[in-house]
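Nothing in this text is a laboratory measurement; each read-out follows from the coordinates by a stated rule. Here the structure is a predicted model, which is why all the values come from computation and not from measurement. Neighbour counts run over all protein chains shown; Cβ positions are idealised from the backbone, glycine included.
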Amino acid sequence: MKFRRQKIDDVHINLTPLIDVVFLLLIFFMVSTTFNQSTELTIDLPTASSIAPSTDRANNVELVITADGQYVINGQTLINEKVSTLIQGLQEITEGDISRPLIITADAKSSYDMVLRVYDAAASLGITKLAHTAQREPAE
């Protein structure tokens, strides 16, 4: 009996079948893929005019947040920046008509907290029409 170990050849991995499989897959995808020229989606964008009728502007409630932290509602400056004061000021201006749009113009240096207070006040009054505007800096 021979109990000696036999010499094992080095292990080789034959990549030829793997290359053949990859090549066949590449050919399959090239033949079976179709390319279509699709048209772009047509989207109807809203239009805006800088010349709005004065009746539309008179119906809006304009709230300005200044850089020094004051609220101005339709030209009237509020005493403090508390939410309760803001709610009271909005109630007086809107006269209970919550369908009037609230236009918020905030200075770039005003804090986010002040804008969030406006959201809280509008939500507590049930105002759902909100808009944000920006004004151009005056030319020097």
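Worth pointing out:
- All positions within the stretch 94-110 that are β-branched (Val, Ile, Thr) and within 12 Å of residue 122 (Cβ to Cβ): 94, 98, 103, 104
- Selection within the stretch 60-93 - surrounded by 13 or more Cβ atoms within 10 Å (Cβ to Cβ), of a type in the set (Val, Ile, Thr) and either under 22 Å from residue 126 (Cα atoms) or in contact with a helix residue (DSSP H, G or I) (Cβ under 7 Å, 6 or more places away or on another chain) (or both): 61, 64, 65, 72, 73, 83, 85, 87, 93
- First in the stretch 113-135 and farther than 18 Å from residue 95 by Cα, second anywhere and assigned to a strand (DSSP E or B), Cβ under 6 Å, 6 or more apart: 114/65; 115/106; 131/103; 132/104; 133/103; 133/105
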